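Step one of this worksheet: look at the structure below.
The values are calculated or read from the model by the stated rules, or taken from the named source; none is laboratory data. Bear in mind that the values here come from a model prediction, so they are computed numbers and not experimental data. For neighbour counting, all protein chains shown are included, and Cβ atoms are generated from backbone atoms with ideal geometry for every residue, glycine included.
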Amino acid sequence: MKRLALIAALLTAGPALAEPARVISLGGAVTEIVAALGAEDRLVARDTTSEYPEAITKLPDVGYVRALSAEGVLALAPDLILAEATAGPPEAVETLKAAGVDFVALPGDPSVQGVREKIAVVGAALDRKEEAQALTASFDAEMDAVRKSAGAVATPKRVLFVLSLQNGRVMAGGEGSSAEAIIELAGGVNAATGLAGYKPVTDEAILAADPDVILTMDREGEMAVTERDILAHPALGQTRAARGGALVAMDGMLLLGFGPRTPQAAQALHAALYPEAEG
Amino acid sequence: MAMTSLALLVAIRSPCAPLRLGLIALLVIAAALSLGTGAAGVSLPQVLGQCLTGAEISTRDRVVLLDIRLPRLVMGLMVGAALAVAGAVMQGLFRNPLADPGIIGVGAGAGLGAVAMIVLSGFLPAAIAAFFGTWLVPVAAFGGAWTATLLLYRVASRSGQVSIATLLLAGIALAALAGALTGILTYLADDTQLRDLTFWGMGSLAGASDMKLLVGGLLIGPALILTPRLARGLNALALGEATAAHMGHDIERLKHRAVIGVAALAGAAVAMAGGIGFVGIVVPHLLRIAGGPDHKTLLVDAALLGAALLVLADLIARLVVAPAELPIGIVTAILGAPVFLWILIRRQGLGGV
């Protein structure tokens, strides 16, 4: 183990031995925190969901965070793995620990408190506690600003988050979903009530909910939900949102990732929900 | 390794056909490749050399070889052999080249069990969940497979006689029911669980622990050793149930043993590795083309070829997207389905398929 750490340190000519030199980050938010702490150069690999900042997409991709390959990860000779709480399968995680890799599982709540905890744990693991405190402080300040804007809203808008629209079937973000959390931070109200997580909703329920705004992820390809799709949909097209043209599309990872960029996401969503307040 | 020595033993005992020798060679090559290749780039000759010269092997190399590749190889051998032999037995029993363990509800039952555990484990009393730990899903899958098979066998039995036609039809109905229940659970699942159950359905040899191999081996090992005893009966059955009975075979006992054997083999294989398709169909077919339909050789050869092919498929699964890995069920289906089509086109008119 000591020998291994020594070899790794020699190979990469990293700084001090106390600072892990070869880090693998699993989970989009985790990677964003590592980058925000200025430790991006120590990353040697990432998972499929890590797509920000752009530069890290050039790193090798170890696959989906719940279906890791123990040998594939070991091949990259990491000395520290920072992982979302959901990383697995458990056997692969056990094997990695047995191989002497420091494996840190992070708390995984899609909430403001969850982000603060993640920053603290990542900062401690990377031995960058001061940077972590600074990041938390700026995060809190930005969050306060968002809360102020959100608090000033007199009549909150009712927002429907549409995850996907396949064959005319609407998959919406229900109660307890990360979409609901960000809508509430931005000073809106989730229009999809009575379902937990991301679930298909019937057309009638959409008509009954009659959201003021329809929120989607702006992505390309097969899974994209375009404005045309929404307007042509029998139920979505009849809602107040569609009639008034209140359709908002935002980057999925920014919107739902719950990392250091969450205040930015909430602020941007707030501005999109209440354009009149900005003007 | 145990499998290889067992294979050698069988080969020495029976008059040795070139086919059998070829299969053993293929198995040995596959095993060596599997141990010596991988994302981590640890090479077998190098580590063996270090062993011989007494040089110290690094922790990482030891973990890669002994904790990752070796258990995976053993699991691949067991699961591949089990799936192929189970397929061959089912095809003999149903006298239908399209039969596979899925017909007696093994796949649907195991799938339902696994999905139920993935989705509902949160509702289990903490003590039970803690007791089973990571075993929850495999145990549930095995339980599901056995429950489905026993239920089906019960439905198809009337006064001590098992109707093969009823077994087939009831199997379709039961698979539909299990599919519907799985659908309800899929609906209830959250995002993470959805990803988990999708991956389970595509199979993987990852996560082979010593304990898993021991328990799986206790089920698959004896079943593999005992199934060749069914060969004479299955050969006779090929002539029809009545003829086989006239030849002095106890047909009911044969059916009973075949179903139990298949449930043990396929149930354990599915519980260990999830849904892996096409091995059970393609392997026996290839062997019938190469060596004829005699179950005496077919059942042993199927174990050898099934083991070798699954180990090779796992090698592909581990290497193509390294450092990530592909679910092995995708590999077997991508390779197996075209081969199966090719067999069908080649054999058109034969066997009435």
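Structure above, values below:
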| item | result |
| --- | --- |
| Scan of region B:210-259 for residues that are small (Gly, Ala, Ser), within 13 Å of residue B:94 (Cα to Cα) and either surrounded by fewer than 18 Cβ atoms within 10 Å (Cβ to Cβ) or touching a Cys at 6+ places or on another chain (Cβ under 6 Å) (or both), ordered by number | B:238, B:240 |
| The listed residue being within 14 Å of chain A (Cβ to nearest Cβ), buried (at least 24 other Cβ atoms within 10 Å of the Cβ) and not in a helix (DSSP H, G or I), out of B:39, B:55 | B:39 |
| Residue tally, condition of a type outside the set (A, V, I, L, M) and farther than 15 Å from residue A:253 by Cβ, over region A:41-59 | 3 |
| Qualifying residue in region B:223-231 (condition: of a type outside the set (Asp, Glu), at positive phi and out of contact with any helix residue (DSSP H, G or I) (no Cβ under 7 Å at 6 or more places or on another chain)) | no |
| Residue B:34 closer than 30 Å to residue A:60 by Cα and at pLDDT below 85 | no |
| Qualifying residue in region B:59-70 (condition: in a helix (DSSP H, G or I) and away from chain A (no Cβ under 13 Å)) | no |
| Leading residue by the ranking (surrounded by the fewest Cβ atoms within 10 Å (Cβ to Cβ)) among those in region A:62-80 that are within 17 Å of the chain's Cα centre (by Cα) and of a type outside the set (Ser, Thr, Tyr) | A:66 |
| Hits in region A:81-99 - residues which are crowded, with 18+ Cβ neighbours inside 10 Å and facing chain B (nearest Cβ under 7 Å) | A:89, A:91, A:92, A:95, A:99 |
| Qualifying positions in region B:175-205 - part of a helix (DSSP H, G or I) and under 21 Å from the mean Cα position of the chain (by Cα) | B:175, B:178, B:179, B:196, B:197, B:198, B:199, B:200, B:201, B:202 |
| Any chance residue A:107 is out of contact with any strand residue (DSSP E or B) (no Cβ under 6 Å at 6 or more places or on another chain), over 23 Å from residue B:319 (Cα atoms) and surrounded by fewer than 18 Cβ atoms within 10 Å (Cβ to Cβ) | yes |
| Residue match in region B:96-103 (condition: at pLDDT below 90 and more than 25 Å from residue B:239 (Cβ to Cβ)) | yes |
| Hits in region B:206-215 - residues which are facing chain A (nearest Cβ under 10 Å) and assigned to a helix (DSSP H, G or I) | B:212 |
| Looking only at region A:57-80, and only at residues there that are without any contact (Cβ under 8 Å) to a residue 40 or more places away in the chain and either on the phi > 0 side of the Ramachandran plot or touching a strand residue (DSSP E or B) at 6+ places or on another chain (Cβ under 7 Å) (or both), the one that is nearest to the other protein chains (Cβ to nearest Cβ) | A:63 |
| Region A:1-27 - residue that is within 14 Å of another protein chain (Cβ to nearest Cβ) and buried (at least 18 other Cβ atoms within 10 Å of the Cβ) and, of those, modelled with the lowest pLDDT | A:8 |
| Meets criteria (without any contact (Cβ under 8 Å) to a residue 40 or more places away in the chain and not in a helix (DSSP H, G or I)) for residue B:331 | no |
| First in region A:35-52 and in the same structural domain as residue A:133 (by TED's automatic domain parsing), second anywhere and at pLDDT below 95 and aromatic (Phe, Trp, Tyr), Cβ under 9 Å, 6 or more apart | A:35/A:52; A:47/A:64; A:48/A:64; A:49/A:64 |
| Residue selected from region A:197-216 under the condition touching a helix residue (DSSP H, G or I) at 6+ places or on another chain (Cβ under 9 Å) and within 14 Å of chain B (Cβ to nearest Cβ), by the criterion farthest from residue B:186 (Cα to Cα) | A:201 |
